[in-house]
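A short write-up of the structure that comes next.
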Amino acid sequence: MSEHEQTAQEALSRIAAAEDLTALEALRVEYLGKQGSISALLKTLGKMSPEERQEKAPAIQALRQSVADATAERKDALEAAELEARLATETLDLTLPAPAAPQGSVHPVSQVMDELAEIFADLGFAVATGPEIEDDWYNFTALNMPESHPARAMHDTFYFPDTAPKGGKMLLRTHTSPVQVRTMLAEGSPVRIIAPGRVYRSDSDATHTPMFHQVEGLVIDKGIHLGHLKWTLETFLRAFFETEDIVLRLRPSYFPFTEPSVEVDVGFAIENGKRILGGSGDAPDHGWMELLGSGMVNRRVIEMSGLDPDEWQGFAFGVGVDRLAMLKYGMDDLRAFFDGDTRWLSHYGFSPFDQPTLSAGVGARA
Ligand code: PHE
């Protein structure tokens, strides 16, 4: 047996016996590494005469090839065995109960929107929606705020560079009132809807965030008057705050899209420095808190929404959903609503199983 054949035999039996990948790698280095014995043999070829090289090269090349092949083969086998062993020990017991944490919760804003939908469904209102990226015409013009109207300046609007299909620029809607117009145009009359959703204004402090939530209410029918508005708001707020003791004060106000316009305040008592809703705000140790804007829908808005204002009248209101949530559930900083802090969310959040229903209580806490 030649010297090379002997080397090959010894190497192949050691490789076949390598117990793990570390041992195999050590053998690879010993034979085929930079300083390896077979690599050294290969280097001798360079110093040989062409004749001698022709004679000796094939055996040395064959030796290198057989050791390289054997190493690769053993490596595959060891890796497969390692995987098998791991699969045998790593198991997943799908019959184990779900872990207690992490657990998601329903955000108070979503909860309040569900509560509102439940309360108003009972009064025969459907839920309507509109786009958050809105056309200038729906957000302003159709609501009786033409291009130069000073009320536009009160809205701190975020504009897009894009020209809107109906003129002006596209914008992020500054209130949910454009849904009034969209609903009348799409569905005609009569109308009874609420429209909850996100609205945007360039404003930011402890009580204002650039994005917040409103719910719009709209009723269009024949012979609708302010009395209907007052009854609807009282019924809604008593159901929402789960107390009969809700006293409202209607104050004359101004919105371009309602005429007359009414600002609605709710009476509260001060107990131990805290505001507790209920009672007349004029009583001793009581006050009035501004809650929402409303009014009879302006004739011009009804007209621009494709209806005859001599035939159809209605009322509308708009209220901040975040504000309602803060009043009902006692948070004091609006900004925390949008921080995504899991401690806040697990404290103020609701169980997904806690569906608001009028019979079980619209605001039952988990
Ligand atoms: N859109 C008004 C606002 O955002 C609120 C409102 C809605 C007032 C409907 C009257 C009628 O302030």
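Here the label points at ARG299 and ALA62, each 7 Å from Cα along the C-beta direction, are separated by 11.0 nm in the simple model. Within the assembled protein chains, the solvent-accessible surface assigned to ARG86 is about 130 Å², based on a 1.4 Å probe.
Modelled spin-label separation between GLU3 and PHE338, with each label point placed 7 Å from Cα along the Cα-to-Cβ direction: 8.2 nm. Given axes a ≥ b ≥ c from the Cα gyration tensor, I'd like to know whether the stretch 222-366 is rounded (a/c under 1.5), prolate (a/b larger than b/c) or oblate. Prolate is the answer for the stretch 222-366, as a/c is 1.5 or above and a/b outweighs b/c. Residues LYS34, LYS43, ordered by accessible area of protein heavy atoms at a 1.4 angstrom probe radius and largest first, appear as LYS34, LYS43. Pairs with C-alpha atoms separated by more than 30 Å, drawn from the list LYS166/LYS230; LYS169/LYS222; LYS230/LYS274; LYS34/LYS75; LYS47/LYS75, are LYS166/LYS230; LYS169/LYS222; LYS47/LYS75. Computed about its Cα centre, the charge dipole of the stretch 34-92 is approximately 460 debye, with only Lys, Arg, Asp and Glu carrying charge at their Cβ.
All Cα-Cα distances of the stretch 3-89, cut into 5 Å bins from zero to the largest, leave 3, 14, 23, 20, 15, 10, 7, 5, 2, 1, 1, 0 percent in each bin in turn. Per residue, the chain exposes an accessible area of 55 Å² to a 1.4 Å probe, with every protein chain left in place.
Translational diffusion of the stretch 188-308, estimated by Stokes-Einstein from the Kirkwood radius over alpha carbon pairs at 4 °C in a medium of 1.567 mPa s, is 79 µm² per second. I'd like to know which of HIS4, PRO58, ALA18 lies farthest towards the positive end of the charge dipole of the stretch 1-111, counting +1 on Cβ of Lys and Arg and -1 on Cβ of Asp and Glu. Farthest along the dipole direction, towards plus: PRO58. Here LYS274 sits with roughly 130 square angstrom of accessible surface, probe radius 1.4 Å.
Under DSSP H, which helices of the chain have Cα atoms covering 18 Å or more of the helix axis and a Kyte-Doolittle average no less than 0.0?
On the way: long enough: 3-17 (22 Å, -0.75); 50-89 (58 Å, -0.74); 108-122 (21 Å, 0.34); 226-241 (22 Å, 0.47).
Correct list, ordered by number: 108-122, 226-241.
If R0 equals 22 Å, the separation of the Cβ atoms of SER346 and ALA121 corresponds to a calculated FRET efficiency of about 0.15.
Can you bin the chain into rounded, prolate or oblate? Criterion: square roots of the alpha carbon gyration tensor eigenvalues sorted a ≥ b ≥ c, rounded for a/c under 1.5, prolate for a/b above b/c, oblate for the rest. Prolate.
Accessible area per residue (1.4 Å probe, heavy atoms of protein chains only) ranks VAL106, VAL321, VAL29 as VAL29, VAL106, VAL321, with the largest value leading.
Remark: the SER253-ALA77 segment gains 55.0 nm on full extension, using 0.36 nm per residue and subtracting the alpha carbon distance. ASP285 contributes an accessible area of around 120 Å² to the protein surface, as traced by a 1.4 Å probe with all chains present.
Nearest 0.05, what FRET efficiency do ILE133 and GLU90 give at R0 = 41 Å with Cβ-Cβ as r? Mind dumping the intermediate values first?
Details: r = 49 Å, r/R0 = 1.19.
Approximately 0.25, to the nearest 0.05.
Quick check: with the 1.4 Å probe, what order do THR243, THR95, THR258 take by accessible area, largest first?
THR95, THR243, THR258
Take GLU30, project a point 7 Å from its Cα along the Cβ direction, then tell me which residues of the stretch 70-85 have their backbone nitrogen under 15 Å from it. Residues 71 qualify, since their backbone N sits under 15 Å from the label point. Rounded, prolate or oblate: which fits the stretch 30-131 when a ≥ b ≥ c are the square roots of the eigenvalues of the alpha-carbon gyration tensor, with rounded for a/c under 1.5 and prolate only if a/b beats b/c? Prolate, because a/c is 1.5 or more and a/b exceeds b/c.
Defining a contact as two alpha carbons under 8 Å apart and six or more residues distant in sequence, what relative contact order in percent does the stretch 108-348 show?
20 percent
Shown here for the stretch 118-165: GluC sites (Glu not before Pro) in loop regions (DSSP other than H, G, I, E, B) with at most 10 other Cβ atoms within 10 Å, namely GLU147. Selection among TRP312, ASN298, PRO161 by position relative to the dipole of the stretch 108-348 gives PRO161 as farthest towards the positive end (Cβ unit charges, Cα centre). On the basis of the beta-carbon distance and an R0 of 45 Å, THR235 and THR163 show a calculated FRET efficiency of 0.55.
Which GluC sites (Glu not before Pro) from the stretch 266-366 combine a DSSP loop assignment with at most 16 other Cβ atoms within 10 Å? Please list the in-between numbers first.
Numbers: sites: GLU271, GLU290, GLU303, GLU311; in loops: GLU311.
In loop regions of the stretch 266-366 (DSSP not H, G, I, E or B), the sparsely surrounded GluC sites (Glu not before Pro) are GLU311.
What you get for the chain, charging only the Cβ of Lys and Arg (+1) and of Asp and Glu (-1), is a dipole of about 640 debye around the Cα centre.
When the chain is treated as a Gaussian network with alpha carbon springs shorter than 10 Å, the biggest mean-square fluctuation among ASN298, ASN272, ASN139 belongs to ASN272.
Surface composition of the stretch 3-89: carbon plus sulfur atoms hold 54% of the accessible area, using a 1.4 angstrom probe and ignoring ligands, DNA and RNA.
The values are calculated or read from the model by the stated rules, or taken from the named source; none is laboratory data. Since this is a predicted model, take the numbers as computed values, not measurements. Here the Cβ is made from the backbone with ideal geometry for all residues, glycine too, and neighbour counts use every protein chain on show. SASA here: full protein model, heavy atoms, side chains in, ligands and nucleic acids out. Shrake-Rupley method; radii C 1.70, N 1.55, O 1.52, S 1.80 Å.
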